[in-house]
Amino acid sequence: MTTLTLRAANPASTRADAVVIAVGRADQRLVAMAPGDSVAKAFGRSFHPVLSKLGFSGKLGELASLSGAGAVQAPLVVVVGVGDPQQVSAETLRSAAGAGIRAVHDAATAVLALPAGDDEELRAVCEGVLLGGYAFTAYKSAADQDPVGAVMVVTDIAREKAAKAALANAEQVCAAVNRARDWVNTPARDLTPQRFADEVTALDTPSRVKVSVWDENRLLDERCGGILGVGQGSVNPPRLVKVTYTPRRPVASLALVGKGITYDSGGLTLKTTAGLMTMKCDMAGAAAVVNATYAIAALGLPVQISCYAALAENMPSGSATRPGDVLRIRNGTTVEVHNTDAEGRLVLADALVLAREEQPDMIVDVATLTGACVVGLGTRTSGVLSNDDGLRDAIPATARLAGESMWPLPIAEEMKAKVRSSAVADIRQHNPEPYGGALFAAAFLREFVDEARWAHLDIAGPAFNDGEPYGYTPKGGTGAGVRTLVRFAQSLAEQADGASG
Ligand code: BES
Ligand code: MN
Ligand code: ZN
C-alpha cells in the first residue's frame, strides 16, 4: 500500500529515495516545471544538455533517470515528459504521475514534484500515484517489486482545506478502482459468482449501504431466466448481488447495472484459444458498478444508488443453454438464443428489468459486451449508447473530466426490427449479420428499459490491458468505468445543487 502525504517543501532539499519532476518542451527547448524547477536549478547548466544526451525530448510520457548525487538530497531523479507546458491537462498530470511512480518502484520513499497548483491538478496527481502504483501480487510467491511505501506530493496548497479534500477524494476513488482491478485480475477458478458475492459482502460497508444476494433458487422464484439460462452450464451457479445506498436527502436516483460473467468461454458456441485467454475480465462491468457505488457512498454524495451485479459463469456442458433455446426474461419477454457467446445481454436483461421496477431517474449499465465495440473504437475507448441524446453526450463529457475515454455510438434505427425478427420468440438475441454488433446489442438491451432514461457503456476494450503498462494503467484489469460513474454521481449532485441554490 502506498501512503500519500502533501507537503509545501522544496523538492531539491527534501530527503527521499527518489524525486520525480516534470519537464516539458516549448519552442524546441526543455522547460522544467514548478515545483520541480528547483531540482533542475540545483543541477545547474548541465541539466538540459544531460537530458538531451539521454535522448529525452520532453514528449508526453517520456522518462529519464539521473543520479541526484551532489546536486539534490534524493539519490535518484526521475524526469517525466509532459509535452507542451501550455497544454498540460489534469489527464497529462495523472498519466505523468503514474509513469513517474512506476519508474521509482524500488524506492521506499519518493517525492513527487509535478505541477499541482490547484485542487483539481492535485487530485489528478494523487490519482496518478495511487493508480500507477498498483500491482497485483496475490498469486506471486515472492513479490518481485514492492510498491513505493510513502509518497510526498509537493504542492504550494498543501495546507489548504481544498487540498486535503482532493487527496481524500482521490484515495476513495482509487481504492474503488484498484479493488475493481483486483477482482478482474483474480482467476475465474477463484472468482466464481458466489465468491464475487462474498467479496462484496466482506467489504466494510459505509453507512447507509445495504447488500443482498440472490442464489439460483431465488433467481428462479424471481423469474430471472436470462441469468439462469447463461449460468446453467456451469457447476458454479449464478448470483445476483444488489447494493443500495440511500443518502439522508437524495437529490437524484441512479440505477447501476453491471455484466458479471466470471468466465466467458462462449458456452456451446465456444470461443477460440486466443479468445478464451482474457475472459476472466468479463465481470469487469459488475466490478465497476459495485466499487463505484461504494466510493459514492464513502464520499457521502446525495444520490440514491441501486446497483445490480448480474453474475454467471458461461460454460459449455450437458446442461448448458443451446443455440435455438428460448429463454424467458423477468418481464416475460421471450428470447431466441442463437449464439451462446452473446451471453452478456441475457444476464443484463433481467437486471435492467429489476432496475427499472424501482423507477430511478436513470439507469446506466456497464459491460464488456462486444468485440465489435473494440473493432470500432479501439482498446482504450468505451462506447456509450443510449435512448436519450442528452445522456449519450453527458457521459463522454463526464468521462473526459475523470480521465477516461468514452465516445457516443448510435443505436441505428434498423436495429429495432432486427432485434424483433425472431420466428419463434418475441425477440432474437443475436444479430443475423456481422455488422454493427455493438449497436444491435444496445438495441437488444433497450427492449428491457421501457421509457426510462438509460445509457449503456460498452467497456470491452478498456476493461483489460493485454499490452504493456502505460501512464497509470497497469497490465490486466484497469478498473474502467469506476471514475466516470463516481464523477457522474457527483455531477448529478452538483446539478441539483445549482437548480435549488
Ligand atoms: N465478453 C465478450 C465480449 C468481449 C470481447 C469482451 C473482447 C472483451 C474483449 C462477449 O460476451 C462476446 O463474446 N461477444 C460476442 C458477441 C457476438 C457473439 C454477437 C463478440 O463480440 O464476438
Ligand atoms: Mn461472450
Ligand atoms: Zn461476455
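The values are calculated or read from the model by the stated rules, or taken from the named source; none is laboratory data. If you're wondering where the values come from, they're calculated on a predicted model, not measured in any experiment. Positions of Cβ are backbone-derived with ideal geometry, glycine not excepted, and every protein chain shown enters the neighbour counts. These area figures cover heavy atoms from the full protein model, side chains too; ligands, DNA and RNA do not enter into them. Shrake-Rupley method; radii C 1.70, N 1.55, O 1.52, S 1.80 Å.
Key figures
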| quantity | calculated |
| --- | --- |
| Restricting the stretch 380-393 to residues that are over 17 Å from Asp365 (Cβ atoms) and outside any helix (DSSP H, G or I), the residue that is most open to solvent (accessible area, probe 1.4 Å) | Arg380 |
| Residues satisfying the stated conditions in the stretch 236-275, i.e. away from ligand 2 (no atom under 16 Å from the Cβ) and of a type outside the set (A, V, I, L, M, F, W, C) | Asn236, Pro237, Arg239, Lys242, Thr244, Tyr245, Thr246, Pro247, Arg248, Arg249, Pro250, Ser253 |
| Residue satisfying all of: in the stretch 20-33; of a type in the set (Gly, Ala, Ser) and at pLDDT 95 or above; nearest to Ala107 (Cα to Cα) among these | Ala22 |
| Residue in the stretch 256-263 that is within 14 Å of ligand 3 (Cβ to nearest atom), without any contact (Cβ under 8 Å) to a residue 60 or more places away in the chain and in contact with a strand residue (DSSP E or B) (Cβ under 7 Å, 6 or more places away or on another chain) present | no |
| Segments classed as strands (runs of 3 or more DSSP E), wholly inside the stretch 271-367, with at least 1 members that are open to solvent by less than 10 Å² (accessible area, probe 1.4 Å) and more than 15 Å from ligand 3 (Cβ to nearest atom) | 303-314, 334-336, 362-367 |
| Subset of the stretch 450-471 (residues that are surrounded by fewer than 23 Cβ atoms within 10 Å (Cβ to Cβ) and either within 18 Å of Ala284 (Cα to Cα) or in contact (Cβ under 8 Å) with a residue 12 or more places away in the chain (or both)) | Asp450, Ala452, Arg453, Asn465, Asp466, Gly467, Pro469, Tyr470, Gly471 |
| Conditions (1) crowded, with 19+ Cβ neighbours inside 10 Å; (2) assigned to a loop (DSSP other than H, G, I, E, B); number of the one not met by Phe444 | (2) |
| Qualifying position, being under 30 Å from Pro469 (Cα atoms), among the charged types (D, E, K, R), in contact (Cβ under 8 Å) with a residue 40 or more places away in the chain and away from ligand 1 (no atom under 12 Å from the Cβ), among Asp388, Asp365 | Asp365 |
| Residue list for the stretch 337-379, restricted to those being within 21 Å of the chain's Cα centre (by Cα), farther than 18 Å from Leu485 by Cβ and more than 16 Å from ligand 2 (Cβ to nearest atom) | Gly376, Leu377, Gly378, Thr379 |
| Verdict on Thr244 being polar (S, T, N, Q), within 15 Å of ligand 1 (Cβ to nearest atom) and either in contact with a Gly (Cβ under 6 Å, 6 or more places away or on another chain) or over 25 Å from Ile427 (Cβ atoms) (or both) | no |
| Filter pass, Pro396 being over 26 Å from Val230 (Cα atoms) and surrounded by 18 or more Cβ atoms within 10 Å (Cβ to Cβ) | yes |
| Residue that is surrounded by the most Cβ atoms within 10 Å (Cβ to Cβ) [pool: residues in the stretch 227-261 that are among the hydroxyl-bearing types (Ser, Thr, Tyr) and closer than 21 Å to Arg330 by Cβ] | Ser234 |
| Residue within the stretch 51-67 that is surrounded by fewer than 19 Cβ atoms within 10 Å (Cβ to Cβ), within 28 Å of the chain's Cα centre (by Cα) and under 23 Å from Ala163 (Cβ atoms) present | no |
| Qualifying positions in the stretch 143-174 - open to solvent by less than 10 Å² (accessible area, probe 1.4 Å) and modelled with pLDDT under 95 | Val148 |
| Single condition Glu451 does not satisfy, out of (1) within 16 Å of Met406 (Cα to Cα); (2) over 15 Å from the mean Cα position of the chain (by Cα) | (1) |
| Residue match in the stretch 258-277 (condition: under 25 Å from Ile395 (Cβ atoms) and more than 10 Å from ligand 1 (Cβ to nearest atom)) | yes |
| Selected residue (only one of Leu268, Leu219 is farther than 25 Å from Gly477 by Cβ and part of a loop (DSSP other than H, G, I, E, B)) | Leu268 |
| Condition check for Thr246: free of Cβ contacts under 8 Å to residues at least 60 places away in the same chain and closer than 23 Å to Trp214 by Cβ | yes |
| Pick from the stretch 117-143, criterion free of Cβ contacts under 8 Å to residues at least 40 places away in the same chain and assigned to a helix (DSSP H, G or I), ranking: farthest from the chain's Cα centre (by Cα) | Glu121 |
